[in-house]
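A.B. asks: So that we are looking at the same thing, I have put the structure below in structure tokens.
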There are 2 protein chains.
Amino acid sequence: MSESSPVLPGTVADDLRARIIAQDEAPGTAITESAVALRYGVARSTARTAIDRLVAEGLLVRSAHRAARVPELSRADIADLFDSRAVVEAAAVASVATSGTLSADALAAHRALLATPAGEPFAETDIAFHRALVTGQPSARLARMHSALMGEIELCIGQVQAHSLLTAAEVAHQHQGILDAVVAGDAERAADLTREHIASSRERLLAHYDATH
Amino acid sequence: MSESSPVLPGTVADDLRARIIAQDEAPGTAITESAVALRYGVARSTARTAIDRLVAEGLLVRSAHRAARVPELSRADIADLFDSRAVVEAAAVASVATSGTLSADALAAHRALLATPAGEPFAETDIAFHRALVTGQPSARLARMHSALMGEIELCIGQVQAHSLLTAAEVAHQHQGILDAVVAGDAERAADLTREHIASSRERLLAHYDATH
DNA sequence: GAATACGGATTGTCGGACAATCTACGTTAT
DNA sequence: ATAACGTAGATTGTCCGACAATCCGTATTC
């Protein structure tokens with residue numbers, strides 16, 4: 001088993017990413033290279049590359065000679081994020097339906113969501129389903145773009161604090177519809193349902209955003 | 001006017017990118033950090049940053065502890081690249097048609113292409129048109145994804161050595177059709193024409209690839 | 001009160017150092 | 001001969017320390 005990339009900046013970036021998504025770092029607070037280096041016991045250059053990576057993912061923003069900050073996603077950002085995601089994910093799901101590359105992980109995530117008791121948080125399971133669905137599909141570039149978007153999506157969900165605007169059962173039901181279309185090989189319907197599913201998330205999040213701002 | 005990012009790695013990456021796309025670095029040849037540092041008179045860490053950026057763009061590939069190399073795009077890569085681009089660009093063009101954000105640069109590139117004498121190379125002008133079209137559109141994320149794809153597209157065109165599989169007039173004519181739909185606000189038709197336009201490029205490139213491999 | 005100058009914080013780049021790891025080649029054993 | 005093994009050179013991965021450039025808030029000056 002060979003790692004494809006440096007490991008240290010990777011783990012630092014992974015942990016930082018988790019912290020950012022979990023809102024452990026409030027939006028707007030400065031993430032300095034030295035602070036990261038100190039916290040993880042690595043050199044500043046190592047911390048820097050980790051931060052660079054997150055900046056590339058959109059989870060941090062930085063202007064020249066300024067400390068990186070967790071971005072505060074605007075209403076327009078949220079809308080753009082979900083619209084872009086719908087474009088990419090609908091195409092990816094259509095590709096799954098056509099190529100028949102439905103991943104076992106996606107089915108596992110779907111079952112996990114079905115088994116989630118009402119009231120329990122399920123955002124992670126929901127996202128795992130979507131990620132697995134797209135990962136299984138053959139296009140490396142669609143997968144890459146989708147992965148980049150999903151990071152921001154998670155940040156977005158965290159910032160709007162919208163973890164349970166829907167019940168797990170409702171979300172699972174929509175997923176089921178997508179899966180049925182995929183298994184039936186109906187790419188067009190699968191793509192449409194995916195767009196609808198994402199659009200409904202979008203609307204709910206925007207409504208919640210409007211209500212709290 | 002404030003630069004958003006470090007300038008040195010940026011210029012090194014820009015020059016390297018140009019060299020890679022121009023096939024000055026043959027596919028497969030190693031691009032070592034020290035060689036880049038030496039050539040541009042910068043520290044190895046700076047060269048490394050530049051290389052990292054190109055790796056993220058897909059213009060270089062690298063496995064752990066190995067020198068970065070210019071990737072040799074496979075037939076599947078070419079197909080995937082154009083399919084992914086069609087997904088993103090069709091959505092972007094539809095957005096231009098809807099939002100009426102047709103950029104002046106796109107029109108300028110279109111006129112430049114119309115004015116290109118038969119037999120002259122026009123790949124750059126063609127690409128400038130597509131880039132400008134998407135850049136003008138409001139979604140930052142669609143623009144980001146498209147830009148990332150276009151780098152690889154340019155590499156692809158260079159590798160297949162397919163600079164003039166079509167005449168400038170033919171390409172300009174297809175562009176004209178897209179622009180007409182955009183100006184008419186017909187997002188659906190603009191998207192369809194964009195998909196067709198990209199698909200025809202794809203087929204021509206693949207045919208040329210098959211003929212030479 | 002506004003323009004200016006200062007100073008602290010942070011990034012941007014440098015150079016050198018050393019360990020880890022990969023590949024290719026040559027040596028040894030079968 | 002050939003297959004397994006091991007070593008050497010190349011390259012990356014990470015560290016450290018240093019210093020210039022730049023940005024920002026604050027104090028100073030007019």
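No lab work stands behind these numbers, since they all come straight from the coordinates. Predicted model only: the values in this text are computed from it and were never measured. When we count neighbours, we look across all protein chains shown, and the Cβ atoms used for this are built from the backbone with ideal geometry, even at glycine.
A.B. asks: Assume the label is 7 Å from Cα along Cα to beta carbon: what separations in nm does B:SER200 have to the matching positions in the other copies?
C.D. replies: 4.0
A.B. asks: So what's the net charge close to B:LEU107: Lys and Arg +1, Asp and Glu -1, counting the other residues with Cβ under 15 Å from its Cβ? Each step should come with its number before you reach the end.
C.D. replies: Values: positive: B:ARG111, B:ARG131; negative: B:ASP105, B:ASP126, B:ASP180.
Neighbour charge sum, excluding B:LEU107 itself: -1.
A.B. asks: Restricting attention to region A:70-141, which trypsin sites (Lys or Arg not before Pro) occupy a DSSP loop and are surrounded by at most 10 other Cβ atoms within 10 Å?
C.D. replies: On the way: sites: A:ARG75, A:ARG85, A:ARG111, A:ARG131, A:ARG141; in loops: none.
Answer by residue number: there is no such site.
A.B. asks: Please state the Cα pair-distance histogram of chain A with 10 angstrom bins from zero: what percent is in each bin?
C.D. replies: 8, 31, 33, 22, 6, 0
A.B. asks: Right, something else. Taking A:SER103 in one copy and the same position in all the others, each labelled 7 Å out along Cα→Cβ, what are the pairwise distances from the first, in nm, shortest first?
C.D. replies: With the label placed 7 Å along Cα→Cβ, A:SER103 yields 3.3 nm.
A.B. asks: Would region A:60-160 count as rounded, prolate or oblate if I go by the C-alpha gyration tensor, calling it rounded below 1.5 in a/c and otherwise prolate when a/b exceeds b/c, oblate otherwise? Don't jump to the answer; show the numbers that get you there.
C.D. replies: Working: a/c = 2.40, a/b = 1.42, b/c = 1.68.
It comes out oblate by the Cα gyration axes.
A.B. asks: For chain B, what does the relative contact order come out to in percent, with C-alpha contacts under 8 Å and a separation of six or more?
C.D. replies: Working: 270 pairs, mean separation 52.1, N = 213.
Once normalised by length, the contact order is 24 percent.
A.B. asks: Summing +1 for each Lys or Arg and -1 for each Asp or Glu, what net charge is found among the other residues whose Cβ lies under 12 Å from the Cβ of A:LEU73? List each step's numbers first, then the result.
C.D. replies: Numbers: positive: A:ARG75, B:ARG141; negative: A:GLU72, A:ASP77, A:ASP80, A:GLU152, A:GLU154.
Value of the local net charge: -3.
A.B. asks: Can you work out D for region B:103-213 in µm² s⁻¹ from Stokes-Einstein, where Rh is the Kirkwood radius over C-alpha pairs, the temperature is 4 °C and the viscosity is 1.567 mPa s?
C.D. replies: On the way: Rh = 14.6 Å.
After rounding, the answer is 89 µm²/s.
A.B. asks: Within 10 Å of each Cβ in B:83-89, how many Cβ atoms from other chains are there, averaged over the peptide? Don't jump to the answer; show the numbers that get you there.
C.D. replies: On the way: counts 6, 10, 1, 1, 11, 7, 0.
If you average over the peptide's residues, the count of other-chain Cβ atoms is 5.
A.B. asks: Taking region A:8-69, how much of its Cα-Cα pair set, in percent, is spaced more than 15 angstrom apart? Spell out each step's value before the answer.
C.D. replies: On the way: 785 of 1891 pairs.
When all Cα pairs of region A:8-69 are counted, 42 percent exceed 15 Å.
A.B. asks: Right, another one. Residues with beta-carbon under 12 Å from that of B:ALA128, excluding B:ALA128: net charge, scoring Lys, Arg +1 and Asp, Glu -1?
C.D. replies: On the way: positive: B:ARG111, B:ARG131; negative: B:ASP105, B:GLU124, B:ASP126, B:GLU154.
Its environment carries a net charge of -2.
A.B. asks: Once you charge only the Cβ atoms, +1 for Lys and Arg and -1 for Asp and Glu, what is the size of the charge dipole of the protein assembly as shown about its Cα centre, to the nearest 20 debye?
C.D. replies: Dipole magnitude for the protein assembly as shown comes out near 1200 debye.
A.B. asks: Relative to the longest principal axis of the C-alpha atoms of chain B, give the angle of the C-alpha long axis of helix B:104-114, reported between 0 and 90° and rounded to the nearest 10°.
C.D. replies: Orientation of helix B:104-114: about 80 degrees from the principal axis.
A.B. asks: Taking only Cα atoms, what is the 0 to 90° angle, nearest 10, from helix B:123-136's long axis to the longest principal axis of chain B?
C.D. replies: In chain B, helix B:123-136 runs at an angle near 80 degrees to the longest axis.
A.B. asks: Please give the helix B:44-57 orientation as an angle from the longest Cα principal axis of chain B, in degrees from 0 to 90, rounded to the nearest 10.
C.D. replies: Around 30 degrees separate the two axes.
A.B. asks: Mind ordering B:20-32, A:91-103, B:53-65 by average Cβ neighbours within 10 Å, highest first? Don't skip to the end; give the middle numbers.
C.D. replies: On the way: B:20-32: 14.7, A:91-103: 20.5, B:53-65: 17.1.
Ranking, from highest mean packing down: A:91-103, B:53-65, B:20-32.
A.B. asks: Does the protein assembly as shown come out rounded, prolate or oblate, given a ≥ b ≥ c as the square roots of the eigenvalues of its C-alpha gyration tensor, rounded meaning a/c under 1.5 and, failing that, prolate meaning a/b above b/c?
C.D. replies: Numbers: a/c = 1.57, a/b = 1.13, b/c = 1.39.
It is oblate, given that a/c is not under 1.5 and a/b is not larger than b/c.
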